[in-house]
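Everything below concerns the one structure shown next.
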Amino acid sequence: MDQNNWIYLVLILLVLGFGVGVVVAGRRRGGSTDPARARQQAVPTPRQQQAPPAAAVEPSGELDGAADVAADEISDESAEAEPVEPAAPTSMRDRLARARGAFSDAIGSVLGRSTIDDSVWEKLEDALLIADVGIGVATSLLDPLRERVDKGDIDSPDALIAALRESMIAQLAGANRELAMRPDEGTSIWLFVGVNGVGKTTTLGKLASRQVASGSTVLLSAGDTFRAAAADQLQMWAERSGAEIVRGADGADPSSVVFDAVERASAKRIDLVLADTAGRLHNKQNLMDELSKVRRVAEKGSGVVTETLLVIDATTGQNGLAQAREFAAATGVTGVVVTKLDGSAKGGIVFAVETELGIPVKFVGVGEQVDDLVPFDPTEFVDALVSN
């Protein structure tokens, strides 16, 4: 082989060697493995042969731990949720938090003082007026206490607060707060009256649930034939409570609807008719005359009106007192239901209604649930207001 051929051969070998080097380097960067090594790794070891195949890719050990903790927490919550106990009833003090606020600051600033001076009387009077007790009732509560302080019967602010509590309870004592039923005279009728938006229909529905639960048979009369969906709302309460219902056409004479309801209840020997009425302004004489007619017609059949319940919104304050006067004159109100007492600082309207009009507050609404319409208890109510 001559010299030129050797030169060509060397060049060819160099080119081939360079090409092979480039290919190997590329495979290393791409993660390729040696075929022999790949075959060796493909053969399972005895330990690998004994392990069961994995059903799915599992997370790292750290995530496994977190998942186990979460699963344990869910399991514990489920176990604790099974024997769910009914929630403890909220206390009257908690329900009247806003109304109590009118008194708490004053009482807190009075308690612990060494003497009873003019500022003490001012704070107590302001607290009563802010709570919408009314100037007349506030005076009737505080004047006798001033006399006792002057005589030395009350000698400290703490004793004064205790005496005020007793006086407030005494103002509300003695009233008959039972809801009357007279089965010997026929089907008993409870009329619900009040201005628009105070919660008449809701109050009626809650009382229906209460009476059915106590064993009475109840029929609801949708006497509010003017408000849109009033009868539908009452229908819902009838279904919820297990009571029957009588409805009329939209715009029908409310007196006729109530009369029909009483007649049906009498025919079926139902104990009680709860009659809804349209909300009306207490200063519109024609509307109040219509309400008087509803009451008269209700008793023309086989029933007797044993209760006319005026529903008052606590947030209206002293305006509720004006409403009570007009409705009492038109329909002979026998009792008052104060609604939305949990959302108002004007719980003192209870004192104004009872003291100035002599009409007992029979129930109070302190929440949205069925059980949040509760019989009015003067001691519990006053304690909730004056507790600090």
> Within the range 163-188, how many residues turn out to be under 30 Å from L272 (Cα atoms), at pLDDT 90 or above and either of a type in the set (D, E) or not in a loop (DSSP other than H, G, I, E, B) (or both)?
Replying inline: 4
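Report, by residue number, each residue of the range 314-352 that is of a type in the set (D, E, K, R) and surrounded by fewer than 24 Cβ atoms within 10 Å (Cβ to Cβ).
R325, E326, K340, D342
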>> Under 9 Å between Cβ atoms, which residue pairs at least 6 apart in sequence (or on different chains) link something in the range 364-388 that is closer than 18 Å to L141 by Cβ with a partner that is of a type outside the set (D, E, K, R) and in a strand (DSSP E or B)?
In response: P378/V361; F381/V361; F381/V364
>> For the range 252-260, check the following and say yes or no: at least one residue is hydrophobic (A, V, I, L, M, F, W, C) and exposed (fewer than 15 other Cβ atoms within 10 Å of the Cβ).
In response: no
> Of the conditions (1) without any contact (Cβ under 8 Å) to a residue 60 or more places away in the chain; (2) in a loop (DSSP other than H, G, I, E, B); (3) under 25 Å from I312 (Cβ atoms), G279 fails just one. Which one is it?
Replying inline: (1)
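If I ask for residues that are of a type in the set (A, V, I, L, M), under 15 Å from W190 (Cβ atoms) and within 23 Å of the chain's Cα centre (by Cα), which ones from the range 204-237 would you list?
Of everything in the range 204-237, those that are of a type in the set (A, V, I, L, M), under 15 Å from W190 (Cβ atoms) and within 23 Å of the chain's Cα centre (by Cα) turn out to be L204, L207, A208, V212, L234.
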> Across the range 130-179, what is the total count of residues that are over 24 Å from F376 (Cβ atoms) and touching a Lys or Arg at 6+ places or on another chain (Cβ under 7 Å)?
Replying inline: 2
>> Quick check on T306: is it under 22 Å from G186 (Cβ atoms) and of a type outside the set (A, V, I, L, M)?
In response: yes
> Taking V336 and the conditions (1) in a helix (DSSP H, G or I); (2) at pLDDT 85 or above; (3) in contact with a helix residue (DSSP H, G or I) (Cβ under 8 Å, 6 or more places away or on another chain), which numbered condition does it fall short on, given that it satisfies the others?
Replying inline: (1)
> Which numbered condition trips up T355, out of (1) crowded, with 19+ Cβ neighbours inside 10 Å; (2) in contact (Cβ under 8 Å) with a residue 60 or more places away in the chain; (3) in contact with a Leu (Cβ under 9 Å, 6 or more places away or on another chain); (4) within 15 Å of A131 (Cβ to Cβ)?
Replying inline: (1)
> When residues of the range 190-226 are filtered for being surrounded by fewer than 16 Cβ atoms within 10 Å (Cβ to Cβ) and within 20 Å of V311 (Cα to Cα), how many remain?
Replying inline: 3
>> Residues to consider are I270, I245; find the one that is among the β-branched types (V, I, T), under 23 Å from A180 (Cβ atoms), at pLDDT 85 or above and out of contact with any helix residue (DSSP H, G or I) (no Cβ under 7 Å at 6 or more places or on another chain).
In response: I270
> Among (1) under 19 Å from V370 (Cα atoms); (2) assigned to a loop (DSSP other than H, G, I, E, B); (3) among the hydrophobic types (A, V, I, L, M, F, W, C), which single condition is I245 missing?
Replying inline: (2)
> Restricting the search to the range 142-157, which residues are in contact (Cβ under 8 Å) with a residue 40 or more places away in the chain and in a helix (DSSP H, G or I)?
Replying inline: P157
>> Quick test of your reading of the structure: I359 fulfils all but one of (1) more than 18 Å from the chain's Cα centre (by Cα); (2) part of a helix (DSSP H, G or I); (3) not small (G, A, S). Name the failing condition by number.
In response: (2)
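So that you can scan it fast, the table gives a plain yes or no per residue for (1) at pLDDT below 75; (2) surrounded by 12 or more Cβ atoms within 10 Å (Cβ to Cβ); (3) hydrophobic (A, V, I, L, M, F, W, C); (4) within 27 Å of V374 (Cβ to Cβ):
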site: S78; (1), (2), (3), (4): yes, no, no, no
site: R93; (1), (2), (3), (4): no, yes, no, yes
site: G101; (1), (2), (3), (4): yes, yes, no, yes
site: T115; (1), (2), (3), (4): no, no, no, no
site: K123; (1), (2), (3), (4): no, yes, no, no
site: A131; (1), (2), (3), (4): no, yes, yes, yes
> Within the range 231-244, can one find any residue that is of a type in the set (A, V, I, L, M) and within 30 Å of D132 (Cα to Cα)?
Replying inline: no
> Of L160, L219, L191, which residue is among the aliphatic types (A, V, I, L, M) and assigned to a helix (DSSP H, G or I)?
Replying inline: L160
> Cβ-Cβ below 9 Å, separation at least six or inter-chain, first residue in the range 193-207 and more than 20 Å from Q235 (Cβ to Cβ) and in contact (Cβ under 8 Å) with a residue 40 or more places away in the chain, second among the aromatic types (F, W, Y) and surrounded by 21 or more Cβ atoms within 10 Å (Cβ to Cβ): which pairs?
Replying inline: V193/F327; G194/F327; V195/F327
> Which condition does V258 not pass, out of (1) touching a strand residue (DSSP E or B) at 6+ places or on another chain (Cβ under 6 Å); (2) of a type outside the set (F, W, Y); (3) more than 17 Å from S292 (Cα to Cα), if it passes all the others?
Replying inline: (3)
>> Yes or no: the range 259-267 includes at least one residue that is of a type in the set (D, E) and in a helix (DSSP H, G or I).
In response: yes
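The values are calculated or read from the model by the stated rules, or taken from the named source; none is laboratory data. Please read these numbers as outputs of a predicted model, since none were measured by experiment. Note: ideal-geometry Cβ built from the backbone for every residue, glycine included; neighbour counts use all protein chains shown.
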